[in-house]
Amino acid sequence: MAASSFYVTTPIYYVNAAPHLGHAYTTIAADVLARHHRQRGQDVFFLTGTDEHGEPVKLAAEREGITPAELADRNYEHFKALAPRLGASNDFFIRTSDAAHMAKVQEVLTRVKDNGHAYEGVYEGWYCPRCADFKTEREIDPGNTCPIHKIPLTREHEHNWFFRLSAFQEPLERLFADRPDFVRPQARFNEALSFIRGGLQDVSLTRRKVDWGVSVPWDPSQVFYVWWDALLNYYTALSYARPGEDLTERFWPATFHLVGKDILKFHTVYWPALLMAAGLPVPEHVFVHGFLLMEGEKMSKSLGNVLDPFEAIDRYGADALRYYLLRDVSFGQDGSVSAAAFEGRYERELANEYGNLASRTIAMIDRYRGGEAPQVRHDPALDEDFDGLIEQISELLDRAEVTAALDQIWQRVRRLNRYVEERAPWKLAKDAAAAGELDVVLASLAEGLRVLTVLLQPWLPQTAQRLLAALGAPDHALEAARLGARRVGRVERLEPLFPKHG
Ligand code: ME8
């Protein structure tokens, strides 16, 4: 992969039900990273999609009395539609039922077997059909239940092909020793490493009992275990996302896989081991975020406590949802979400702090200077708070700290609000002798607002586009986010960016 390339992925979501806010959360975070790196002028590829095979989908289809393919075709539409509604700028949407994906899965996993990492054996142990996860003794709740889905685990006894995961214990430990930033945040790195150090058991490569999946070329009585089929999406997509072009060289290995903590083991243990077994480079970073909670429980399809992202977007707009989720649920931690908290942030922060700053600034330039921002240098009093901001945001986003980066920008939104109050341009406007001072204040507000809006573009893409157009300075390249780097010229009045809801 070229140094200027950036490849970010979300998990591919199961099509066993409609999308909920938890899925929106990861997709939004990945989109923020993709947009930020495009602002830096990098070559970006952003992938999301759907996981359509395996037991979770098969069982859901049985419950509805339809075939897994019918269920997948129906529900994939909802996930595919959600991405643009969220303002997600994904470059491709993969389905694991794509013929090109399935062929590539067969090719890679055959190589794993040819490399000597597969053997036939009998699996005996506990299994969660919702996670499609063979649980080790350390991952089981009292009464043999699934800690994530709270359902009884089943006892499986199955003649399968196995992947020799145990052979990768040492290489994985070395990977973690060599690359202290392979998994973030640190607590998740420690969790993954302790899982590895606890001893790795071989894991099924194929399933005999499940017939909904990619068939095993050397043993057609079996399909590949859904997790291998699913994980490989990150790699296979590059080979066919652009017809007639193979993007693998350009983007592999991935820069960031963003995943929830429910699937840590698969991404930080199984996945790098499989890639090593196939002779492929492992991703640069896996960022493991926490759960959106409702009333203290993980928001999840199977628990039924879900919020519908489409409804939230209809009411508040995609930008408001993007902002709320990444601001309120600190990326990397668990956090509760509620309609009341959403409304609170919307009113206080988006409408009052940012929306009002924009409308006041434009209105004052309109009233006091006939709509032309004064062409004078900004107030040096702002330099201390704005200097080095681009570098600070870039550094945080290099670590996928999307909440911390947003907080840094928001502190400057508040700084500009204090600046308006301190300098009270409405008073200066009454004093002819203060005309020069008023010019500086208005130019500083316009320029500060422009800079912050460029920086906010990854979180608030639609709002940024509207506001930068109204400021007559549409360039949202990251380099434009320095005071004085561009000039606000003629401004245009805007409808409120975040209208109040009755
Ligand atoms: O696990 N809070 O699919 P899935 C935050 N197909 N994020 C949440 C969430 C919540 N309450 N609920 C879901 C699968 N997510 C597999 C993945 S990848 C090769 C295969 C997000 O539909 C979060 O990213 O169960 C989580 O890891 C993912 O959705 C699980 O989606």
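Determine whether region 260-271 contains at least one residue that is of a type outside the set (Ser, Thr, Tyr), open to solvent by 40 Å² or more (accessible area, probe 1.4 Å) and at pLDDT below 95.
Scanning region 260-271, I find no residue that is of a type outside the set (Ser, Thr, Tyr), open to solvent by 40 Å² or more (accessible area, probe 1.4 Å) and at pLDDT below 95, so the answer is no.
Keeping to region 467-483, report how many residues are within 13 Å of LEU452 (Cα to Cα) and open to solvent by less than 40 Å² (accessible area, probe 1.4 Å).
Going through region 467-483 one residue at a time, the tally reaches 9.
When you scan region 53-63, do you find a residue that is buried (at least 24 other Cβ atoms within 10 Å of the Cβ) and either in contact with an Asp or Glu (Cβ under 7 Å, 6 or more places away or on another chain) or within 24 Å of PRO253 (Cα to Cα) (or both), even just one?
yes
Quick one: in region 238-262, which of the residues that are assigned to a helix (DSSP H, G or I) and basic (Lys, Arg) is nearest to the ligand (Cβ to nearest atom)?
LYS261
For region 435-466, what are the residues that are crowded, with 24+ Cβ neighbours inside 10 Å and among the polar types (S, T, N, Q)?
SER444, THR453, GLN457, THR463
What pairs can you find where one residue is in region 10-27 and hydroxyl-bearing (Ser, Thr, Tyr), the other is near the ligand (Cβ under 6 Å from one of its atoms), and their Cβ atoms are less than 7 Å apart, with a gap of 6+ or different chains?
Qualifying pairs under 7 Å: THR10/THR26; TYR13/HIS23; TYR13/ASP51; TYR14/ASP51; TYR25/LEU292; THR26/PRO11; THR26/GLY260.
Mind checking which residues of region 200-254 are under 25 Å from the mean Cα position of the chain (by Cα), open to solvent by 10 Å² or more (accessible area, probe 1.4 Å) and of a type in the set (Ser, Thr, Tyr)?
TYR235, SER239, TYR240, THR248, listed by residue number.
Can you list the helices (runs of 4 or more DSSP H) found entirely within region 330-432 that contain at least 2 residues being open to solvent by 30 Å² or more (accessible area, probe 1.4 Å) and modelled with pLDDT of 95 or more?
Fully inside region 330-432 and qualifying: 356-369, 383-386, 389-398, 402-423, 425-428.
Spot the failing condition for LYS58; the list is (1) over 23 Å from CYS128 (Cβ atoms); (2) more than 11 Å from the ligand (Cβ to nearest atom), and only one is missed.
(1)
The rows are residues; the columns are (1) within 16 Å of the ligand (Cβ to nearest atom); (2) touching a helix residue (DSSP H, G or I) at 6+ places or on another chain (Cβ under 6 Å).
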{"residue": "GLY279", "(1), (2)": "no, no"}
{"residue": "GLU284", "(1), (2)": "no, no"}
{"residue": "VAL288", "(1), (2)": "yes, yes"}
{"residue": "ARG322", "(1), (2)": "yes, yes"}
{"residue": "SER338", "(1), (2)": "yes, no"}
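Scanning for something surrounded by 14 or more Cβ atoms within 10 Å (Cβ to Cβ) and closer than 30 Å to SER330 by Cβ, does region 152-171 turn up at least one residue?
Looking for residues that are surrounded by 14 or more Cβ atoms within 10 Å (Cβ to Cβ) and closer than 30 Å to SER330 by Cβ, one finds none in region 152-171, hence no.
Each row is one residue, and each column tells you yes or no for (1) within 10 Å of the ligand (Cβ to nearest atom); (2) touching a Lys or Arg at 6+ places or on another chain (Cβ under 8 Å).
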{"residue": "THR10", "(1), (2)": "yes, no"}
{"residue": "ALA17", "(1), (2)": "yes, yes"}
{"residue": "ALA24", "(1), (2)": "yes, no"}
{"residue": "LEU33", "(1), (2)": "no, no"}
{"residue": "ASP43", "(1), (2)": "no, yes"}
{"residue": "ALA69", "(1), (2)": "no, no"}
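With ALA81, ALA103 as the choices, which residue is open to solvent by 10 Å² or more (accessible area, probe 1.4 Å), closer than 30 Å to GLY335 by Cβ, without any contact (Cβ under 8 Å) to a residue 12 or more places away in the chain and assigned to a helix (DSSP H, G or I)?
Just one listed residue meets the conditions, ALA81.
Looking at the structure I just gave you, is ARG111 in contact with a Gly (Cβ under 8 Å, 6 or more places away or on another chain), more than 25 Å from PHE291 (Cα to Cα), in a helix (DSSP H, G or I) and among the charged types (D, E, K, R)?
Yes, satisfied.
Does PRO309 qualify as being touching a helix residue (DSSP H, G or I) at 6+ places or on another chain (Cβ under 9 Å), within 16 Å of the ligand (Cβ to nearest atom) and of a type outside the set (A, V, I, L, M, F, W, C)?
Spelling it out, PRO309 is indeed touching a helix residue (DSSP H, G or I) at 6+ places or on another chain (Cβ under 9 Å), within 16 Å of the ligand (Cβ to nearest atom) and of a type outside the set (A, V, I, L, M, F, W, C).
The values are calculated or read from the model by the stated rules, or taken from the named source; none is laboratory data. Owing to the predicted nature of the structure, the values given are computational and were not obtained by experimental measurement. Every residue, glycine as well, gets a Cβ built from its backbone with ideal geometry; the counts of neighbours run over all protein chains shown. With ligands, DNA and RNA removed, areas are computed over all heavy atoms of the protein, side chains included. Shrake-Rupley method; radii C 1.70, N 1.55, O 1.52, S 1.80 Å.
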